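Structure record follows, encoded as structure tokens.
We did not get these values from a lab; they are worked out from the coordinates using the rules stated. A quick note: this is a predicted structure, and the numbers were derived from the prediction, not measured. All Cβ positions, even for glycine, are placed from backbone atoms using ideal geometry, and neighbour counts span all protein chains on display.
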Amino acid sequence: GTETQLSEKGSAFAPANIALSKYWGKRNAELNLPATSSLSVSLGDLGTKTEIRVAAEDSVFLNGEAMGSETLFYKRTVDFLKLFPMVGAHFEVRTQNSIPTAAGLASSASGFAALVLALNDLAGWGLGRRMLSLIARLGSGSAARSVYSGFVQWYAGTDDDGSDSYAERIDAEWPELRVGILEVSNVHKPVGSREGMNRTVATSELYNSWPAQADADLEAIRLSIREKDFPMLGKTAEHNALSMHATMLAAWPPLIYLQPESLEIIHTVQRLRGEGLELFLTIDAGPNIKLLFLESVASDVIAAFPDLRIIQPFG
Ligand code: 2P0
């Protein structure tokens, strides 16, 4: 029942984000209500820019290319927009990703966040970030975190209707923090996050220990941000990611997102750490590795990984 003031076009940008304490598993699949809270850092100007217009029929463009109505991208976008009949019956959506979709950077996070921010612009809702985060969550869980820049916490919440499951920005900056992306080729057809987490919750005995660890890791990461304790942040984020992968491995059929090259990088990072380099990693539901380090060691990290793509979250 929101009174709307429709513009001709709505547009917005939302950053991609990398979770330092992961979201893996839902307590409600329909509303994307997570089993635990999660904490991420946004990737600066890497993300999604979206334009939306009310139109006579639905059309969806990704990086300038029209998406067929049989594609998952088209279906998820159009299905999501059906939640907002008060804005329009049909839409033209133009999405531009500044991150290669192949980099496995959860483009659904920045994608649904940008879509909701653009809708807010189109319809003139004037909604606050908390509500926009809650709406973005309905498109994709991790999108709740992509309506903000910097460090972001998404609250699991306890309400059955999801009214207390939204993200908030953490009031802290860490200009020296760097995220390095290492793309690993993926020869196998991956299982998407949505199916992967549902399978893990349903079949992985190890998942029983996940919620308690996720809660503890999130608190440790909050503390490490507050105290600017990088070894604590890096160690906790890496342990959290590898523990998540352990729950995936223990699912049936097993979810093995890591490739031989991923493991090679994990071993190299361990070796470099053994030689005194403060270098840590995190991994999502794919084979790519994201390195975590401080600006002061960037040259040593580049020397070990010449193909590294370095992002400054607070640049
Ligand atoms: C995260 N991932 O916290 C975790 C870590 C992947 C591994 O959030 O079903 O695409 O749309 O809520 O948000 C990816 O899951 O899943 C994700 P849905 P989503 O970043």
Taking the Cα centroid of region 226-252 and of region 54-123, what is the distance between the two, rounded to the nearest whole Å? 32
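By count of other Cβ within 10 Å, fewest leading, how are SER193, SER299 ordered? If you can, show how the numbers build up before the last one.
Details: SER193 19, SER299 8.
Ranked by crowding around the Cβ, least crowded first: SER299, SER193.
Sort ARG271, ARG178 so the one with the fewest other Cβ atoms within 10 Å of its own Cβ comes first. Intermediate values should be presented prior to the final figure.
Working: ARG271 12, ARG178 22.
Starting with the residue having the fewest Cβ neighbours, the order is ARG271, ARG178.
Which of the three applies to region 84-225, rounded, prolate or oblate, going by the alpha-carbon gyration tensor with a ≥ b ≥ c and a/c under 1.5 meaning rounded? Don't jump to the answer; show the numbers that get you there.
Values: a/c = 1.36, a/b = 1.25, b/c = 1.08.
Cα axes put region 84-225 in the rounded bin.
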Under 22 Å between alpha carbons - lysine pairs in the chain that sit 8 or more apart or on different chains: 13
Check: the chain dipole with +1 on Lys, Arg Cβ and -1 on Asp, Glu Cβ, in debye: 180
How large is ³J(HN,Hα), in whole Hz, for each residue of region 299-307 in order, when computed from phi with the Karplus curve 6.51 cos²θ - 1.76 cosθ + 1.60 and θ = phi - 60°, using x for Gly and Pro? 5, 5, 5, 5, 4, 7, 10, x, 8
Value of relative contact order over the chain, rounded to a whole percent, pairs C-alpha under 8 Å and six or more apart: 21
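Normalised by the residues of region 200-315, what does the relative contact order come to in percent, with Cα pairs under 8 Å and at least six apart?
Working: 109 pairs, mean separation 27.1, N = 116.
Normalised by residue count, the contact order of region 200-315 is 23 percent.
Which of SER59, SER165 has the fewest other C-beta atoms within 10 Å, and how do the rest follow up to the most? Walk me through the numbers before you get to the answer.
Details: SER59 18, SER165 24.
Arranged by neighbour count, lowest to highest, SER59, SER165 become SER59, SER165.
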